[in-house]
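Below is one structure; the comments refer to it alone.
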Amino acid sequence: MLKIDNLHVRVAGKEILKGLTLDVGAGEVHAVMGPNGAGKSTLGNVLAGREGYEITQGSVSYNGRNLLELEPEQRAAEGVFLAFQYPVEIPGVNNTYFLKAAMNAQRKHRGETELDSMQFLKLVREKLRVLHISDDLMNRAVNAGFSGGEKKRNEIFQMALLEPRLAVLDETDSGLDIDAMKMVADGVNAMRSPQRAFVVITHYQRLLDYIVPDFVHVLVDGRIVESGDKSLALKLEEHGYAWIAERRLAGAA
Amino acid sequence: MSAMLLDEFGVGDARERDESWRYSKTALRALSQQDFSAADAHAALEESLVARFDWPLTRGRRLVFVNGGYSGTYSDTGSIAAGIDVRHEGGQRFVLTVAGDSAEPLHVVYVSVPGAAAARWQTVADLELLTGRVGVIEQHVGAAGADVLGTLHSRIAVGPGAGLRLTTLSDLPDSVSLYRRVNTTVARSGACQFVDAIFGSRLQRADLNVDLNGEGARFESRGVFVLRGRQHADTHLDIRHTARDTTCDVLWRGVADQRARGVFHGAITVAPGADGADARLSNKNLLLSPHAEIDTQPVLEIYADEVKAAHGATVGQLDETALFYLRSRGVPASIARSLLIGGFCREAFAGIESADVRGWLDTLLAERLPDSHREREEVAG
């Protein structure tokens, strides 16, 4: 589904990703772990199409298409979703209005009929109920005045509503207490399916107790330096990222 | 001629006039170089123009002025409440006296209609609110054509314990210029709320002067201007706290696209002895083009003790992170921009109680936002 090959990315003149290669198949959950500054958020932003990231080398193909030439809204309509590490507060823009505009723009792009208000609200209530989120969320402005936990819940709710085929979660666990983290994990687990893939970017192993990944990758200094199954995350938790650095040094010698 | 318009629209000595008009001098000079004849107060209105103010909600409570003159033809005054007295003192001056509550708002419409050549009109409108609470909607509309310059002088007196809500919707074509001076006094425990929505026009200058001269008097101002092309709007608020325990709360948003020019000057003075005053002013502006310009000047002068005051003013650009957030959910860039600009403007209207007023503002905003305009042009083109 997603093939990232030897990706090099510069941000403000500085090379952040230095030859990242990653293959994600439909139905798989990949965890990308790494220390601060390794390039984890850059990966998420590049996949979603944020401006300011200069791709100097390599390629990203998504369902056989060159993902990098698509606008962010085209990527969304094609099924790519990024749960933001820092969801943006947008005062004055109503959540319902925003999500209806998003959903119908996506449907239109895919040649599907747009939902009317009744159909849309029915769908919204269904998703809110499954995630145990109060429906006053929909009457508020997008993330405005939300607590950290509420913002992350809103990200998961948007993901549940928009039903992407490739969901990238950028440190969705950061700043969450254990209950909120479980809620996020429940939201993701409920959506796991053979047609859908997840890239879960995280700093800590803790989230992976709840979202059990098929593959774990360690991102250090702009490259995936180690890949394995879920046990790799546990080793990292035990030994820290320094352990990876030492192993690499040993390997080089 | 330049000196003449500055004399007419300026206050104070030569230096004060220059200072007060510093950002709009060129626009005023251009107006001054034109010859204006008297506008025709009996001009007939196109149906499409009438449709812009003929709201079902205000039928029977509507005063219409065509090029400054009261129009019996277009006014509709059948159901004006008993406590409201409308007097005309000559063609270009009217006095509105209100005593008692009026549940439904009064609608005062000023229509600028072009003639064969440039023309101007002048009107004086006084509003005295003796008791009770009343809402007034002042609406400025016009037809495109030869230049029109309108001048409206208002005096508003809000009596002890009375409450006025004045909503001014000004949506004018680029051939119309408008000068408004509103001198307001608010007496003891009186409350006055201004809501201003300014769209379009060649030059639109508003001098909103408010004197809180009774103990416990309150003033609130909410406003938005949305400009494009070569439109120019200049709003001066001058609020004076001259009695104890008076409050003012000012929240304005401005948007300028293309080569438009916006000016916001918010001056608050707390006079000696006006202890316990509470003054807040917030003005945020959005520039949508490198050729647009917005100048904002908050001025706070305090000569009393135990005063609470806060003010802030910013000029910025559309938040790229927010834009990306919306687009990452599938919202196309042009709609995302429109949503953000609309949201930015609506912040100023969030606290408005009247659902009707919020509804009108929403409709106006939706029609006048720069990107909705662009999309329409793209569709039309």
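The values are calculated or read from the model by the stated rules, or taken from the named source; none is laboratory data. Predicted, not measured: the structure shown is a model, and the values here were computed from it. Quick reminder, even Gly has a Cβ in these numbers, built from the backbone with ideal geometry, and neighbours come from all protein chains shown.
Among residues of region B:287-309 that are closer than 27 Å to B:GLY229 by Cβ, those with a Cβ under 7 angstrom from a residue that is assigned to a loop (DSSP other than H, G, I, E, B) and among the basic types (Lys, Arg), sequence gap 6+ or separate chain, pair up as B:HIS291/B:ARG259; B:ALA292/B:ARG259. Could you go through region A:163-175 and let me know if any residue there is in contact with a helix residue (DSSP H, G or I) (Cβ under 6 Å, 6 or more places away or on another chain) and farther than 22 Å from A:MET1 by Cβ. Within region A:163-175, one or more residues are in contact with a helix residue (DSSP H, G or I) (Cβ under 6 Å, 6 or more places away or on another chain) and farther than 22 Å from A:MET1 by Cβ. In region B:55-97, of all residues being touching a residue at least 40 places away in the same chain (Cβ under 8 Å) and assigned to a helix (DSSP H, G or I), the one that is farthest from B:LEU152 (Cα to Cα) corresponds to B:LEU57. Filtered by the rule that a residue be among the basic types (Lys, Arg) and farther than 15 Å from B:THR246 by Cβ, region B:160-198 gives B:ARG165, B:ARG180, B:ARG181.
Yes/no per residue for (1) part of a loop (DSSP other than H, G, I, E, B); (2) more than 21 Å from A:GLY92 (Cβ to Cβ); (3) in the same structural domain as B:VAL263 (by TED's automatic domain parsing):
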residue: B:LEU300; (1), (2), (3): no, yes, yes
residue: B:ALA304; (1), (2), (3): yes, yes, yes
residue: B:THR314; (1), (2), (3): no, no, yes
residue: B:ALA336; (1), (2), (3): no, no, no
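Taking the listed residues B:ALA271, B:ALA350, the one that is at the interface with another protein chain (Cβ under 10 Å from one of its Cβ atoms), surrounded by fewer than 20 Cβ atoms within 10 Å (Cβ to Cβ), without any contact (Cβ under 8 Å) to a residue 40 or more places away in the chain and within 29 Å of B:ARG240 (Cβ to Cβ) is B:ALA350, with no other qualifying.
Scanning region B:208-233 for residues that are over 20 Å from B:GLU353 (Cβ atoms), part of a strand (DSSP E or B) and touching a helix residue (DSSP H, G or I) at 6+ places or on another chain (Cβ under 8 Å) yields B:VAL226, B:HIS232.
Yes/no per residue for (1) modelled with pLDDT of 95 or more; (2) not acidic (Asp, Glu):
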residue: B:LEU130; (1), (2): no, yes
residue: B:GLY142; (1), (2): yes, yes
residue: B:ASP147; (1), (2): yes, no
residue: B:LEU152; (1), (2): yes, yes
residue: B:ASP171; (1), (2): no, no
residue: B:THR185; (1), (2): yes, yes
residue: B:LEU203; (1), (2): yes, yes
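Inspection of region A:30-43 identifies no residue that is in a helix (DSSP H, G or I), buried (at least 17 other Cβ atoms within 10 Å of the Cβ) and within 12 Å of chain B (Cβ to nearest Cβ).
Of all residues in region A:73-102, those that are at the interface with chain B (Cβ under 7 Å from one of its Cβ atoms) and within 22 Å of A:GLN195 (Cβ to Cβ) total 5.
For B:ALA144, the criteria (1) over 18 Å from the mean Cα position of the chain (by Cα); (2) under 19 Å from B:PHE194 (Cβ atoms) hold in every case but one, which is (2). With region A:117-236 as the region, which strands (runs of 3 or more DSSP E) entirely inside it contain at least 1 residues that are charged (D, E, K, R)? Passing ranges, in order: A:166-170, A:223-228. Of the residues in region A:44-55, at least one is surrounded by 14 or more Cβ atoms within 10 Å (Cβ to Cβ), within 14 Å of another protein chain (Cβ to nearest Cβ) and in contact with an Asp or Glu (Cβ under 6 Å, 6 or more places away or on another chain).
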